[in-house]
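As structure tokens, the structure follows; a few thoughts come after it.
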Amino acid sequence: MIVNSRLHLFCTIGHRFTQRIWRLGAGARLFWLTIISSGESFRRFHLTIREVYFTGVMSLIIIVVSAFFVGMVLALQGYNTLQRYGSSEAIGVLVALALVRELGPVVTALLFAGRAGTAITAEIGLMKATEQLSAMEMMAVSPISRVIAPRFWAGVIAMPILNVLFCMVGILGGYLVAVPLIGVDAGAFWSQMQANVDWRLDILNGVIKSAVFGVACTMIALFEGYDAPPTAEGVSSATTRTVVTSSLAVLGLDFALTSFMISI
Amino acid sequence: MTQNIVGHNLVEIDNLSFGYKGRLLHQGINMVFPRGKVVAIMGGSGSGKTTLLRLIGGQIRPAKGEVRVDGHVVHQQSREGIYQLRRKMGMLFQHGALFTDLSVYENVAFPMREHTDFPETIIHDLVLLKLHAVGLRGAHKLKPAELSGGMARRVALARAIALDPDIVMYDEPFAGLDPISMGVICDLIRTLNDALGTTSIIVSHDVKETFSIADYVYFVANGTVAAEGTPDDLNKSTLPFVHQFVHGEKDGPVPFHYVAGDYKQALLGLEA
Ligand SMILES: Nc1ncnc2c1ncn2[C@@H]1O[C@H](COP(=O)(O)OP(=O)(O)O)[C@@H](O)[C@H]1O
Ligand SMILES: [Mg+2]
């Protein structure tokens, strides 16, 4: 009896494990197919632009509002610590660097996964469940090049733009707390920021990060939708998985990218 | 109807077997679909009718046997070849499968935009022509969510014939419609078939409507063709299965109960 249940546990773990590997392979395959079917997304660029518009607009409000609060909190916390060392003018640098290097790309990606990612998964999942993808196949139109690829490139384009927006609004929020509210000198705030934020090391790296997150989040959302069982339950659990998997992927990738960027 | 003058049959199914996950769904099916005719495939729910259409469209591969469309063996085609064959086909899905993010107009225009370089004015005229044929020219601005079931199916039909296919496949075109819409769809299928010279394949379990428009009918049951003939032949048929199906009797060769253990034992809790 005990041997039996141990064996059962062993089998369950093994099964879960092989399934994960299997899905990873299926995801990689879809990624590859998407890349090689991308010609149409650029030849008929209006298809991609339309999706950029939808994903971008969808995430716009939540990103602007979050960025504003994140920037304000950063300024409050930063001032608290910096003033003890008598360097409260450095607050501009602190806010800008924290946003541009880490918080901008990461928080934007997390919000994107929750807002646009889930919408993409649900949309693709429902298109599959209602046989829209099948119908497209039967019309000799490849759903990968007509539906998946434009959404993929839209996510990859939208994410860095949203990230830049996040950073700008965050810095504005930090400024409003630091300068008018706390009374830090405005000149010091901006000039220190300008002097200490590097174009390549900070800004460009942040944008690269967010482009990578864009690839990961959008691909995960698309794969979960495309792979979802064509039922209400299947689509809803796929949507949940999109958020969980994207969040973990973003945080893991962030660590990997940061260590890589710091080491070169 | 098994004679085959070269090119007489547009679609031929030859000794076809297919199954999902090892369980055989079709076992040695033979059917022919002559040019210009309306041929029906009938059978109970789950008998694999939709799957047959997917086999004809090349979405799945047969385990044995083959499907030939216009002389080409479907499963031997490359991806490009299958896409070439599909351009000759139009398919009406069971639930319409309209693109929910596009308007009625854009749904019908979709195949034209994907496969032709027609200028916008021509697409406009063609879309309205197709919508007019199904009686929905006035609805071109609506979104699929605003249509009734019968209207959605007519739009899907307009989309299926957008590029004047040689074959139109209808999956359960009558299911879930009110009697008036049903009559409308019935007339449309026959009229379009005769006016455009297409070959129509209807999958259905509605006996009355199907018999009223079909030239020839195949009955599938237990993975094989259980009976075939013209609607008149089948109406007169004494085969028990056909009789049960055509007259809608509850019990007969097709049992009402799904295979189960002894009922009394189950009630007494003796059955696992
Ligand atoms: N993708 C699939 N995977 C596994 N089984 C399937 C799949 N599609 C259909 N089936 C099964 O095949 C059988 C026949 O399905 P179908 O061709 O849709 O029947 P019909 O259209 O005659 O009602 C059903 O029992 C169904 O559960
Ligand atoms: Mg069916």
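Restricting segment B:36-51 to residues that are under 14 Å from B:V242 (Cα atoms) and near ligand 1 (Cβ under 9 Å from one of its atoms) leaves a set whose member that is most open to solvent (accessible area, probe 1.4 Å) is B:G44.
To keep it simple, each residue is scored yes or no on (1) touching a Ser or Thr at 6+ places or on another chain (Cβ under 7 Å); (2) away from chain A (no Cβ under 14 Å); (3) assigned to a loop (DSSP other than H, G, I, E, B).
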position: B:Y105; (1), (2), (3): no, yes, no
position: B:A109; (1), (2), (3): no, no, no
position: B:D117; (1), (2), (3): no, no, yes
position: B:I123; (1), (2), (3): no, yes, no
position: B:L129; (1), (2), (3): no, yes, no
position: B:K141; (1), (2), (3): yes, yes, yes
position: B:R154; (1), (2), (3): no, yes, no
position: B:A158; (1), (2), (3): no, no, no
position: B:A162; (1), (2), (3): no, no, yes
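Scoring A:R43 on the criteria (1) closer than 30 Å to B:R113 by Cβ; (2) surrounded by 11 or more Cβ atoms within 10 Å (Cβ to Cβ); (3) modelled with pLDDT under 95 leaves a single failure, condition (2).
For B:D171, the conditions (1) within 16 Å of ligand 1 (Cβ to nearest atom); (2) modelled with pLDDT under 90 all hold with the exception of (2). Reported count of residues in segment A:1-51, each being of a type in the set (D, E, K, R) and in contact with a helix residue (DSSP H, G or I) (Cβ under 8 Å, 6 or more places away or on another chain), is 4.
With the condition kept exactly as written, say whether any residue in segment A:131-152 is within 17 Å of A:F213 (Cβ to Cβ) and away from every other protein chain (no Cβ under 14 Å). Scanning segment A:131-152, I find at least one residue that is within 17 Å of A:F213 (Cβ to Cβ) and away from every other protein chain (no Cβ under 14 Å), so the answer is yes. For the residues B:L10, B:L16, B:L55, B:L24, the requirement of being within 16 Å of ligand 2 (Cβ to nearest atom) and either in a strand (DSSP E or B) or open to solvent by less than 10 Å² (accessible area, probe 1.4 Å) (or both) singles out B:L55. Close contacts from segment B:73-85, counting a first residue that is within 12 Å of chain A (Cβ to nearest Cβ) and a second that is outside any helix (DSSP H, G or I) and open to solvent by less than 30 Å² (accessible area, probe 1.4 Å), with Cβ to Cβ under 6 Å and a gap of 6+ residues or different chains, come to B:I82/B:G58; B:Y83/A:A140; B:L85/B:V69. When restricted to residues that are free of Cβ contacts under 8 Å to residues at least 60 places away in the same chain, at the interface with another protein chain (Cβ under 9 Å from one of its Cβ atoms) and either open to solvent by 20 Å² or more (accessible area, probe 1.4 Å) or under 19 Å from B:L192 (Cβ atoms) (or both), segment B:87-103 contains 4. B:K64 fulfils the conditions (1) open to solvent by 10 Å² or more (accessible area, probe 1.4 Å); (2) more than 14 Å from chain A (Cβ to nearest Cβ); (3) within 16 Å of ligand 2 (Cβ to nearest atom); (4) not β-branched (V, I, T) except for a single criterion, (3).
The values are calculated or read from the model by the stated rules, or taken from the named source; none is laboratory data. Keep in mind the model is a prediction, meaning the values are calculated, not measured. Because the Cβ atoms are built from the backbone with ideal geometry, glycine has one as well, and the counts that use them run over all protein chains shown. Side chains included, ligands, DNA and RNA excluded: accessible areas come from the protein's heavy atoms. Shrake-Rupley method; radii C 1.70, N 1.55, O 1.52, S 1.80 Å.
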